[in-house]
Amino acid sequence: LKAAVLKNFNTDLDLEELDIPDLKKGQILVDIKYSGICGAQVNQKKGIKIDKKFLPCLMGHEGAGIVLEVGQGVTKVNSGDHVVLHWRKSSGLESDFPKYYSKTSKKLIGAGLITTFSEKSVISENRLTKIDKKHSLDIAALLGCAVTTGIGIVENELRAHSNSSFLIAGVGGVGLSIIMGANLKSPSNVIALDLNDEKLAFSKTVGSTHQINILKDKKIIDIVNRITDNKGVDYVVDTTGNEEIIDQLLDATATGGSLVLVGQPEKDKNLSITNFLKLFKGITIFDSQGGLTNPEKDIPHLLELHENGVLNLDLLINKRISLENINEGFNLLENHKFIGSRIIIEN
Ligand SMILES: [Zn+2]
């Protein structure tokens, strides 16, 4: 099987032929049809998330495909089933890590319970969910991370009420799906904040009602007050991890409102809050736990909402590339040039 292998940090991935490992207890061999590249892999490639001792390794944590073969003890799926591959844990066995070997160098290639940047992959039973065959697999791949995280933040973490206002700082991959989630709540306003006009313009297509370019409009609070009749925003989501923006977002948060931190700050950065009396109005600040998704419940539900036209997930697939061109996808994300939510790898 062909796979994209990360051999060194900050270098392109290499395509390599690997032997298909024999299936162990709780493992499932999946024919990967689609896979998305997410910010987590961009960080992984930079060495932010993993130690050098895990290299060379496989990557990718959202995808969709068809079950080819199941290992001992697997009861959730059979060969031929359509499945979403997700990083969040669900029911089923947790297998050992699969052991892949390069066909050429014979070296061991590291892999976790789920990896998706390959033609086929060995997945742990508790990292996949069976779906109805009526769903298109490219859309299904988004349910592995992008969509479930974004909508889960609104539904499960903020437990947002309807007719409320939202502000989403940073309208990249996850920001756009948070905007979609906000729109399931008949919001009064969905304010998008970014430093890129093209990204802000695109956020309108998925449902932002107002757009603030932080480079041009330095005083976020004045604009927010104008939009919300001086009430501030009920639900504020930061995907930037930028400490200066987060301080300003606190100014924009309404009495009794919530600020959820999604974007990870750089190591050793401090958050200092100017005029911290502004916190004394019942504001809740918390960090996101990836939308607290329950894959077996949330994935089929969100796919149904897409089938029924309540969600238009097609809007979140904004570029399609082949596995051979995976580095092109990474370059676009690393240079912050990509407009949209997801780059999808098609096999
Ligand atoms: Zn992800």
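The values are calculated or read from the model by the stated rules, or taken from the named source; none is laboratory data. Since the model is a prediction, treat every value here as computed from it, not as a measurement. Cβ: placed from backbone, ideal geometry, glycine included. Neighbour counts: every protein chain shown. Each accessible area value is taken on the protein alone, full model and side chains, heavy atoms only, with ligands, DNA and RNA left out. Shrake-Rupley method; radii C 1.70, N 1.55, O 1.52, S 1.80 Å.
Listing for the model above:
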{"read-out": "Those residues of the range 57-99 which are more than 16 Å from the ligand (Cβ to nearest atom), touching a helix residue (DSSP H, G or I) at 6+ places or on another chain (Cβ under 7 Å) and either of a type in the set (Ser, Thr, Tyr) or part of a loop (DSSP other than H, G, I, E, B) (or both), in sequence order", "value": "Val74, Lys76, Ser91, Gly92, Leu93, Glu94, Ser95"}
{"read-out": "Matching option when the condition is surrounded by fewer than 17 Cβ atoms within 10 Å (Cβ to Cβ), modelled with pLDDT of 95 or more, of a type outside the set (A, V, I, L, M) and part of a helix (DSSP H, G or I), among His306, His301", "value": "His301"}
{"read-out": "Members of the range 30-56 found to be more than 16 Å from the ligand (Cβ to nearest atom) and open to solvent by 10 Å² or more (accessible area, probe 1.4 Å), listed by number", "value": "Asp31, Lys33, Gly47, Asp51, Lys52, Lys53, Phe54, Leu55, Pro56"}
{"read-out": "Pair list, Cβ under 9 Å, 6 or more apart: the range 141-155 residue over 23 Å from Ile123 (Cα atoms), other residue among the aromatic types (Phe, Trp, Tyr) and near the ligand (Cβ under 10 Å from one of its atoms)", "value": "none"}
{"read-out": "Residue satisfying condition, being in contact with a strand residue (DSSP E or B) (Cβ under 8 Å, 6 or more places away or on another chain), within 16 Å of the ligand (Cβ to nearest atom), in contact (Cβ under 8 Å) with a residue 40 or more places away in the chain and of a type in the set (Val, Ile, Thr), within set Ile245, Ile178, Ile191", "value": "Ile178"}
{"read-out": "Ile114 open to solvent by less than 10 Å² (accessible area, probe 1.4 Å), at pLDDT 95 or above, in contact with a strand residue (DSSP E or B) (Cβ under 9 Å, 6 or more places away or on another chain) and within 16 Å of the ligand (Cβ to nearest atom)", "value": "no"}
{"read-out": "Output for the range 1-59, where each listed residue is small (Gly, Ala, Ser) and closer than 19 Å to Lys319 by Cβ", "value": "Ala4, Ser35, Gly36, Gly39, Ala40"}
